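These notes are about the structure you will find just below.
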Amino acid sequence: MKKLILISLFVGVAGFVFSQNNLKPVSINVFKNGQYYIVKEGNLAVKDDYAVMELPNSPLLSTFWIYTANDVKINQVTYMTDTLKKLKPTLSILELIEANIGKKIKFNYKLNDKDIREVSGTIAEYIKNYGLLKLKTNDNKTTFLYANNILDITFDESPYEKINSDSLYKLAKIKLDKNLSNVALKAVYMQSGMQWLPSYCIKIINDKELQIEMKAIVENYAESVENVDLTLTVGAPQFYFNTTGDPIGYNYLTNLYTIRPPATPAIAAQSYYSNAIMSEESRSEDIAYNDHSTYETQGEKTNDLYMYKLGKVNLPCKSKTSFQIFSVKVSYKDVYEVNMGDVSNYSSYGYINLDPEKRYDVFHSLLITNGTNYPFTTAPVFVLNEQSQPLAQDQIKYTPMASNCSVQLSKAGDVIIKYKEEEMKKEEAVKRIGKITYNKITIKGTVNIENMQNKKIELNINKDVIANVIAISDSGKSIKSGKYLNLNPNSKVNWDLQLNAKDKKEITYTYEVFVNASLGGSY
């Protein structure tokens, strides 16, 4: 980042003039929810025990902090808005003239539509309020012209292409406990406007191993940073106040209501997903590409978060930058899976509400074991076969180390799943809460499976019921989520089955459900 010299400023007390070097960004941590944490360091000039620094545009609540060296103490910090003179690029002929007093120029001057003259000389003065140019001509005469009528301009020597301009800035006036000529400061804050979007590519190597590659696109619409240490964080940190701004960013009296946590966190879904995964690449010759090279990015686990360390990077403002994070080989197996909700929903209806002839979608999937030292974060995934031909696009969900995730490839029309339920027992008026009386119904469910393929398959079945599961066949397992609908827990039943080619199988489960006695029933 270029050093920026602030020419002069009156802050609070007339005559307080200072020079300042901006703090330089040294590290940045980007999250997937559109927020980032940045650390800036540098030396600031001190005048009369005060240093002045420019504030970030909109720091998030309670995240802006300033630190000094151990032997210097900050007594107070005053936040305010004032006018600074800053160098900016010249954007017009008038600004070029203003910035180049004393330089020789030549230009075409328009007297009227038919009379255009060439004029040359040295810029003696530019009276900005009137747009009047005072020019010392080559014959040592003084000429005054309206600069607005200049059509073009040529300099005999390299011109200054930047000009001091007055602009309003939010400032921090920092009072120190001792008189120094300069002070080393560090400022940290969080702000919105930067995020990273992950995506994966899977390449199947053989029937047991695949390669998974992750890239990250960092979107920066906040501020330009150069030569900073970049960290990308995986996980779900608690940002209680979310996008609520810090009062130092307000130019008015703080309304206490504005610093309450938002009712609905403004974390857009697109913060966790990206659109285009890959673009087609044309090539004019047959090149032997290494499609299965492996690499990893250094990272570390901090509490419940994982942080990828990408090293020194440049992130221009209003840009998107892609980084390769890792490419590793992991084990997998082919599975078939089906998820069946509580279609019957007996707890709500009081009767069995399902079609026993309905077929449920079975998906051919890759069951991937995360054998890396870092978690997989939620992101889209593009799948290629052994010949690098496209197979599918799906989503990988957050997967801790040593855990499994499932990537769906396609629907398996030749694996048929149907199920039915029947009432086995009814116990009336077993519970009463307030004015509501509940019956307890025992229901048996039967899942019919047919593998029409010419190969053995592994089938994973997940069945949800809003009830208490009391029996499961074929070594199935049941888990209660801890959530309840009235008296009935949300339960999940799972089976991992091996089916031979052309095999048929029937599995069962039994559950008890409490239902409002006023609801109808078929028992």
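The values are calculated or read from the model by the stated rules, or taken from the named source; none is laboratory data. Computed from a predicted model, the values in this text were never measured in an experiment. Backbone-built Cβ (ideal geometry, glycine too); neighbour counts: all protein chains shown.
For this structure, a couple of remarks:
- For Leu171: the one exception among (1) among the hydrophobic types (A, V, I, L, M, F, W, C); (2) modelled with pLDDT of 90 or more; (3) surrounded by 13 or more Cβ atoms within 10 Å (Cβ to Cβ): (2)
- Whether a residue is within 27 Å of Lys333 (Cα to Cα) and of a type in the set (S, T, N, Q) was assessed, and Asn460 passes this test.
- Residues that are polar (S, T, N, Q) and farther than 12 Å from Asp229 by Cα were ranked within region 303-327; the one that is surrounded by the fewest Cβ atoms within 10 Å (Cβ to Cβ) is Asn303.
- The set of residues in region 242-254 that are surrounded by 14 or more Cβ atoms within 10 Å (Cβ to Cβ), in a loop (DSSP other than H, G, I, E, B) and in contact with a strand residue (DSSP E or B) (Cβ under 7 Å, 6 or more places away or on another chain) comprises Thr243, Thr244, Asp246.
- Residue match in region 403-412 (condition: part of a loop (DSSP other than H, G, I, E, B), over 21 Å from the mean Cα position of the chain (by Cα), assigned by TED's automatic domain parsing to the domain that holds Leu499 and under 20 Å from Ile461 (Cα atoms)): yes
- When region 352-386 is filtered for residues that are more than 22 Å from Glu209 (Cβ to Cβ) and among the aliphatic types (A, V, I, L, M), the ones remaining, listed by number, are Ile352, Leu354, Val362.
- Given (1) modelled with pLDDT under 95; (2) assigned to a strand (DSSP E or B), index of the condition Tyr523 fails: (2)
- Filter result (within 24 Å of Trp65 (Cα to Cα) and surrounded by fewer than 20 Cβ atoms within 10 Å (Cβ to Cβ)) within region 191-205: Ser192, Gly193
- Within region 172-188, tally of residues that are under 16 Å from Asn22 (Cα atoms) and part of a loop (DSSP other than H, G, I, E, B): 1
- Strands (runs of 3 or more DSSP E) within region 122-169 that include 3 or more residues aromatic (Phe, Trp, Tyr): none
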